[in-house]
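Engineer: Okay, here's the structure, questions in a sec.
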Amino acid sequence: MFVIIGGGGKVGTNVTRTLLGLGHEVVVIEQNRLRYESLEEEFQHRARYGDATELHVLEDAGIGRPPDIVVAATGDDEDNLVISQLAQERYGVAKAVARVNDPRNEVHFDLLGISPTVSATSMVMALIQHEVPQHELVHLLELRKENLEIVEVEIGSGAPADGKRIEELRLPDTLRLISIMREGAAEIAVGSTELHAGDQVLAILEPGKEEDLCELLLAGKG
Amino acid sequence: MKAIVVGCGRVGSALAKVLHASGWEVAAVDESEEALRRLGERWPGEFHLGHGMDTAMLEAAGIQDADAVVVATDGDNTNIVVAQVAKLRYEVPSVAARIHDPARAKFYANRGFDIVSPTSAAIDQLTEWVSGIEVRA
């Protein structure tokens, strides 16, 4: 696989080193002279000096081939947005992965069609929320390798899901309902299953996405 | 008739004053308090301290009902992103961005916002000047 990485800070450097260790072809672009020199010492010709938002710098790095993936990993979100847009729209790169430094900027990445994005802050926050016990939500099983977990929630009265069919809920891709337990009897959750307050619902989801589930199934926060 | 000027350096602050003098209601935005100095002590318009990518600040400046947004910070990429946000997210009718790099200016042309490229303008003007050079006899 051929990967171009824009930004050789901590994230860019470690991704470069890891990909090279896995036998991939990598070019990393860094515009800070000092940082570039230490990258060049470690990665030799795989390090390039320049601004990764300049078209000729990207072209010198080989973006015209094009690479399989471009990783926009600078410390500036506006730079990462432009690197990703150039990669996808100007050079037809199939996949651009962008680092989001300030989680408030994630809306801009969504707006401009840049996905997936990676935000260290958001991930840490998701894990913190994951550790905070929520009494309405019981963690039953963690599938660490699969990065999934199974939880149980009781549908609150007046919750958005109360009285709705599952297919009406427009669940995100990171979340599925497994079964419904009502008056001691369990049934498999299907699109036409109607949910009611008091139902015990088993759900499978990505760790950290509990909030999406709670918003739908628990009573409104107000 | 409301305009927002994001980035109040020499260009942005001058333009904010021109807009105000032509009867526009102007909200100026800059990351630095120093921009206020360039706008003048008696700047009668709004001033918002913050980064152009900050949607909360843009909304406080009234971007939802602005007729025009001019983005002229010293960062090409900031200008490129804020102009797209103004156009696509807030559907501002008239949006202009300053982009120094001619290559990026060209790539982002025809996306519903206007681009002013001082570098290209300088190249064009100097190219015209070159054609008029008279050599020594």
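The values are calculated or read from the model by the stated rules, or taken from the named source; none is laboratory data. None of the values given here were measured: they were computed from a predicted structure. With ideal geometry, Cβ positions are generated from the backbone for all residues, glycine too; neighbour counts draw on all protein chains shown.
Engineer: Pull up region A:75-98, narrow it to residues that are surrounded by 24 or more Cβ atoms within 10 Å (Cβ to Cβ) and assigned to a strand (DSSP E or B), then point me to the one that is farthest from the other protein chains (Cβ to nearest Cβ).
Structural biologist: Looking at residues that are surrounded by 24 or more Cβ atoms within 10 Å (Cβ to Cβ) and assigned to a strand (DSSP E or B), I get A:Ala96.
Rundown of residues vs (1) surrounded by fewer than 17 Cβ atoms within 10 Å (Cβ to Cβ); (2) free of Cβ contacts under 8 Å to residues at least 24 places away in the same chain; (3) within 22 Å of A:Pro116 (Cβ to Cβ), yes/no style:
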| site | (1), (2), (3) |
| --- | --- |
| A:Gly7 | no, no, yes |
| A:Asn14 | yes, yes, yes |
| A:Thr18 | yes, yes, yes |
| A:Gly23 | yes, yes, no |
| A:Leu39 | no, no, no |
| A:Phe43 | no, no, no |
| A:Ala52 | no, no, yes |
| A:Leu55 | no, no, no |
| A:Pro67 | no, no, yes |
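Engineer: Step by step: first the residues of region B:97-113, then only those that are crowded, with 19+ Cβ neighbours inside 10 Å and farther than 14 Å from A:Leu86 by Cβ, then the one that is farthest from the chain's Cα centre (by Cα). Which residue is that?
Structural biologist: Applying the filter and picking the extreme gives B:Phe113.
Let's see how each residue does on (1) more than 27 Å from the chain's Cα centre (by Cα); (2) within 14 Å of chain B (Cβ to nearest Cβ); (3) part of a strand (DSSP E or B); (4) in contact (Cβ under 8 Å) with a residue 12 or more places away in the chain:
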{"position": "A:Thr121", "(1), (2), (3), (4)": "no, no, no, yes"}
{"position": "A:Glu149", "(1), (2), (3), (4)": "no, no, yes, yes"}
{"position": "A:Pro160", "(1), (2), (3), (4)": "no, no, no, yes"}
{"position": "A:Pro172", "(1), (2), (3), (4)": "no, no, no, yes"}
{"position": "A:Gly198", "(1), (2), (3), (4)": "yes, no, no, yes"}
{"position": "A:Val201", "(1), (2), (3), (4)": "no, no, yes, yes"}
{"position": "A:Ile204", "(1), (2), (3), (4)": "no, no, yes, yes"}
{"position": "A:Gly208", "(1), (2), (3), (4)": "no, no, no, yes"}
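Engineer: Something else about it: Filter region B:61-75 for residues that are more than 18 Å from B:Gly112 (Cβ to Cβ) and within 14 Å of chain A (Cβ to nearest Cβ) and give the result.
Structural biologist: B:Thr73, B:Asp74, B:Gly75
Engineer: So which residues in region B:33-86 are polar (S, T, N, Q) and assigned to a helix (DSSP H, G or I), if there are any at all? Spell out the reasoning first.
Structural biologist: Let us first name the residues in region B:33-86 that are polar (S, T, N, Q), namely B:55, B:64, B:73, B:77-79, B:84.
Selection gives B:Thr55, B:Gln64, B:Asn77, B:Thr78, B:Asn79, B:Gln84.
Engineer: Suppose the filter is of a type in the set (A, V, I, L, M, F, W, C), touching a Phe, Trp or Tyr at 6+ places or on another chain (Cβ under 7 Å) and modelled with pLDDT of 95 or more; does B:Ala14 pass it? Can you show your working first?
Structural biologist: Values: of a type in the set (A, V, I, L, M, F, W, C): yes; touching a Phe, Trp or Tyr at 6+ places or on another chain (Cβ under 7 Å): no; modelled with pLDDT of 95 or more: yes.
Here the answer is no, as B:Ala14 does not meet what is asked.
Engineer: Read through the list (1) crowded, with 22+ Cβ neighbours inside 10 Å; (2) at pLDDT below 95, then give the number of the only condition that B:Val69 fails.
Structural biologist: (2)
Engineer: Another question, then. Of all the residues that make up region B:86-103, how many are touching a strand residue (DSSP E or B) at 6+ places or on another chain (Cβ under 9 Å) and either of a type in the set (A, V, I, L, M, F, W, C) or within 12 Å of another protein chain (Cβ to nearest Cβ) (or both)? Before you say what the answer is, go through the steps one by one.
Structural biologist: Applying the first criterion (touching a strand residue (DSSP E or B) at 6+ places or on another chain (Cβ under 9 Å)) to region B:86-103 yields B:86-87, B:90, B:92-99.
Next cut, either of a type in the set (A, V, I, L, M, F, W, C) or within 12 Å of another protein chain (Cβ to nearest Cβ) (or both) only: B:86-87, B:90, B:92, B:95-97, B:99.
The number of residues fulfilling the criteria is 8.
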